[in-house]
Structures are given as C-alpha cells and as structure tokens.
1. So, of the residues in the range 153-175 that are over 11 Å from the mean Cα position of the chain (by Cα), in a strand (DSSP E or B) and not hydrophobic (A, V, I, L, M, F, W, C), which turns out to be farthest from Leu98 (Cα to Cα)?
2. Starting from residues that are under 15 Å from the mean Cα position of the chain (by Cα) and among the hydrophobic types (A, V, I, L, M, F, W, C), keep the ones in the range 43-73 and report whichever is farthest from Asp91 (Cα to Cα).
3. Does at least one position in the range 182-191 carry a residue that is at pLDDT 95 or above and not in a loop (DSSP other than H, G, I, E, B)?
4. Can you confirm whether the range 137-148 contains a residue that is under 30 Å from Val71 (Cβ atoms), touching a Phe, Trp or Tyr at 6+ places or on another chain (Cβ under 9 Å), surrounded by 14 or more Cβ atoms within 10 Å (Cβ to Cβ) and of a type outside the set (Ser, Thr, Tyr)?
5. Which condition from (1) among the β-branched types (Val, Ile, Thr); (2) surrounded by 15 or more Cβ atoms within 10 Å (Cβ to Cβ); (3) in contact with a Phe, Trp or Tyr (Cβ under 7 Å, 6 or more places away or on another chain) is the one that Ile111 breaks?
6. Quick one: would you say Ser197 is surrounded by 15 or more Cβ atoms within 10 Å (Cβ to Cβ) and of a type in the set (Ser, Thr, Tyr)?
Amino acid sequence: MKKLLTVLAIAAIVGLAALPQTAAAGVQFGIKVGANMAKPTGADAQDPLATIKSRVGFTGGIFLAFNLGKVVTIQGEALYTMKGATYVALDDSYTNKLYSDYIEIPLLLKIKIPLPAIQPFVFAGPSVGFKLSEKVEENGVPLGEKLFKNNDYGAIFGAGLNLGKSFMLDVRYSLGLQKVIDTVGGDPIDYKNGVFSATIGIGF
C-alpha cells in the first residue's frame, strides 16, 4: 500500500508540473475518488447454499484526458480498486471472504454533449488489472495459499456529468472477462470480477 501511494504521489507531482504545457494542448490531468460495490459473476461464483454479500470498498487514483474537440475525449486512468464478496451460509455454518485489490488501468472513449455548464457524457473501454493483494478466509481463518491470478481484464461502461471545467461525477460498471481464480484439480473456475463504482473527480 505504501508503494502504491508513493507511485500515485509521484504521478500527481509530474502531472501538476506539466499543467501549463498540457492545458494548452487540450490535455487534462486529475484525481478521482469514490466507492465500489463489488459482486463476482460467473457460474462458479454462485453458491445455492449461501447468501452472497457485495464488498463495499474504496476506489481512487489519477486520470489523464485528451480532449479531441468538444465532443470526444480519450481518457486513461490508474485506479486502486477493491473487489470480491462474502459468502454466508444459509444455515450459518460458514462465512467465507474472497477479497482482492487491484491497480486497474482503463482506457476510455468518452462522448460528451457540449452544453455550456453541465455536460452529460457516456463512456466505454477496456481495462486491465494488476493484483496488489488478496484476502481469502474461511470462518475468519486465512487460507495458506494464493487463490487469485495476478492479472485481470475486462470492459467498463458508464455515464456521468462534467460540472464546469474542473469537476466531474461518474458511475460505471466494470465487467470482468478474465476467470480470476486458478484452476483446482484441473477444472476451470468460472469466477469473474464485477464492480459498480461511483466517483468524484477534479481536473487541473
């Protein structure tokens, strides 16, 4: 976590130092923070004997937006994001936590409606994730082996509002396309990440 904060801080300093040049070129650097509500998808992510509780967690990081005129923007992001879920048995015989945290890097195409003050927009694009950590517990006892793969990838869809030139709100869904749990006994595990997010951003 300390390494992550150091990387984000360095990126922020570099971005701020470049502001006079990037502003003239239609490039906007910024930061964003928000919350996730994660729930896995896939056939093997479902448990008929348990209730699946979404993991509510933090997301946040930096973005770099390339404004190609008033309507189209290409935006790259680097976000810390928390994913996973808790499985609670219907008879309360077990509680399992499957948590994983990532640095997620989306590349988004944004289409804006160029209104004077508030600009609605929609966006979509691919993303790749790099696992930072995981927590896998059964009845509060950590498992002694790694469960999640080191990488994830997927697609992101969302919409939002630009509030003036500097502030923005967005909501999105991150659809995992990678089976993120390693095979057990040679059989594939159909368990993918799925995350709803809401963020607030500020551009400089």
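The values are calculated or read from the model by the stated rules, or taken from the named source; none is laboratory data. Remember, predicted model here, so these are calculated numbers, not experimental data. Every residue, glycine as well, gets a Cβ built from its backbone with ideal geometry; the counts of neighbours run over all protein chains shown.
1. Ranking the candidates gives Asn162 first.
2. Looking at the filtered set, the residue picked out is Phe63.
3. Within the range 182-191, not a single residue is at pLDDT 95 or above and not in a loop (DSSP other than H, G, I, E, B).
4. no
5. Unmet condition: (2).
6. Working: surrounded by 15 or more Cβ atoms within 10 Å (Cβ to Cβ): yes; of a type in the set (Ser, Thr, Tyr): yes.
Yes: the conditions hold for Ser197.
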